[in-house]
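**Q** Here it is, the structure in full.
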Amino acid sequence: MEADLLVREGSDNSLIKKIISKKEFSDLPQKDVLLAFKKFDSKSFADGEKLKLTRDLLRKSYTAFLSPKLLHFKDKDAEWFLKKHISTRERLPYYSEVYRKILFGLPKELNVYDLGCGTNGFSYDYFREIGFDVNYFGVEAVGQVVNLQKKFFDGKNLRKVSFFHESLFDLGWIMNLIKTGSGSKVVFLFKVLDSLEMIKRDYSKEFLESIVPLVDRVTISFATKSFLKRRKFFADRTWINNFVRDKFKILWDFEIGGERYITFSKKDL
Ligand SMILES: C[S@@+](CC[C@H](N)C(=O)[O-])C[C@H]1O[C@@H](n2cnc3c(N)ncnc32)[C@H](O)[C@@H]1O
């Protein structure tokens with residue numbers, strides 16, 4: 001299946017195999033690796049440069065936030081895991097406040113689709129702490145991070161929590177996942193849109209236009225202080241602000257702990 005996809009896409013198999021031979025990239029969806037590789041698959045780059053540039057891009061979009069300790073399962077508590085990923089570590093002191101704000105006014109029983117979840121599944125107890133009974137669906141491209149959370153919650157026999165090793169570039173799959181559930185639905189896209197844009201420019205717009213009509217509420221977030229050197233395009237983010245304001249109904253726009261959250265719904269809600 002792996003070989004089929006590579007051949008069908010007409011890409012250089014041995015180079016791609018080399019790219020994913022590094023452990024941190026070894027369990028990414030094929031689609032994502034190919035999209036990244038295609039950005040540099042031209043005559044202007046020698047093979048060594050293609051390999052380096054593709055790995056650099058994959059690191060920026062998928063794995064730079066992770067401690068290497070997360071590539072293997074450890075028998076630790078949720079807070080230990082939350083501290084091992086830059087995004088969840090920075091959010092840790094503020095979880096109750098953030099969840100209280102973005103879920104305000106919704107029924108106490110609801111479905112949360114956390115897209116590009118990283119290790120955010122480990123924050124599940126904060127929903128309970130603020131009185132919500134959540135069916136949680138985490139979707140993440142880095143297979144090792146998905147497996148960590150699956151093992152952790154299997155061990156606790158918590159059936160309300162599920163994780164999927166899928167790419168957000170597989171829009172049809174994501175839409176089906178969301179359509180399958182019933183009841184109130186909320187999507188989180190925390191610190192993910194920059195990663196999507198680095199791989200496929202303007203994909204966030206297509207993605208949001210397809211997802212927002214399917215759910216009650218979407219929250220996107222961005223780091224307001226950056227740990228990686230980001231291009232100006234990502235730093236000012238006027239493009240996404242204008243797009244969201246134009247297409248959807250903004251409910252809240254606030255900043256907590258170096259992260260800006262924008263919550264919105266479709267216009268007719
Ligand atoms: C900066 S981290 C944020 C993680 C989490 N949302 C949080 O804020 O705690 C971005 C995450 O999005 C994931 N990601 C990026 N592009 C993705 C894609 N196309 N499909 C699935 N996950 C993706 C990365 O692997 C990474 O875990």
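**Q** Where in segment 99-165 are there GluC sites (Glu not before Pro) that are in a DSSP coil and have at most 10 other Cβ atoms within 10 angstrom of their Cβ?
**A** Passing both the DSSP loop test and the Cβ count: no residue.
**Q** Taking a cut-off of 28 Å between Cα atoms, list the lysines near Lys108, but don't count ones fewer than 8 places away on the same chain.
**A** Candidates past the 8-residue exclusion: Lys83, Lys150, Lys151, Lys156, Lys160, Lys179, Lys185, Lys191, Lys247, Lys249, Lys266, Lys267.
**Q** Count neighbours as other Cβ atoms within 10 Å of each site's Cβ, and list the chymotrypsin sites (Phe, Trp or Tyr not before Pro) in segment 86-162 that are DSSP loop with at most 10 such neighbours.
**A** Answer in residue order: no site qualifies.
**Q** Got a sec? How would Met175, Met198 order by Cβ neighbour count within 10 Å, fewest to most?
**A** By the 10 Å Cβ count, ascending: Met175, Met198.
**Q** Please report Ser162, Ser61, Ser42, Ser67 as a ranked list, fewest other C-beta atoms within 10 angstrom at the top and most at the bottom.
**A** Ser42, Ser67, Ser162, Ser61
**Q** Simple spin-label model, 7 Å along Cα-to-Cβ: Asp77 to Thr180 in nm?
**A** Each label point is offset 7 Å from its Cα along the Cβ direction, giving 3.3 nm.
**Q** Divide by every residue of the chain the summed helix terms, -39500 (n - 2.57) for each DSSP H run of at least 4, and state the resulting mean residue ellipticity at 222 nm, rounded to the nearest 500 deg cm²/dmol.
**A** -11500 deg cm²/dmol
**Q** With no solvent and one equal point scatterer per Cα, compute the Debye intensity ratio I(q)/I(0) for segment 128-178 at 0.16 Å⁻¹ and report its log10, rounded to two decimals.
**A** Values, matching the q order: -0.53.
**Q** Ok, one more. What do you get when you divide the Cα radius of gyration of the chain by 2.2 N^0.38 Å, with N the number of residues?
**A** Dividing the Cα radius of gyration by 2.2 N^0.38 Å gives 1.00.
**Q** While we're here: By what distance, in whole Å, do the Cα atoms of segment 22-103 stretch along each of the three principal axes, largest value first?
**A** Principal-axis extents of the Cα atoms in segment 22-103, largest first: 51, 31, 18 Å.
**Q** Same structure, new question: Can you pull the one-decimal nm distance between simple spin-label points at Asp202 and Lys22, each 7 Å off the Cα toward Cβ?
**A** So the label points at Asp202 and Lys22 sit 3.0 nm apart.
Values in this text are rule-based calculations from the coordinates and carry no lab data. As the structure is a computational prediction, the values presented were derived from the model and not from experiment. Methodologically, a virtual Cβ is constructed for each residue, glycine included, from the backbone with ideal geometry; neighbour enumeration extends over all protein chains shown.
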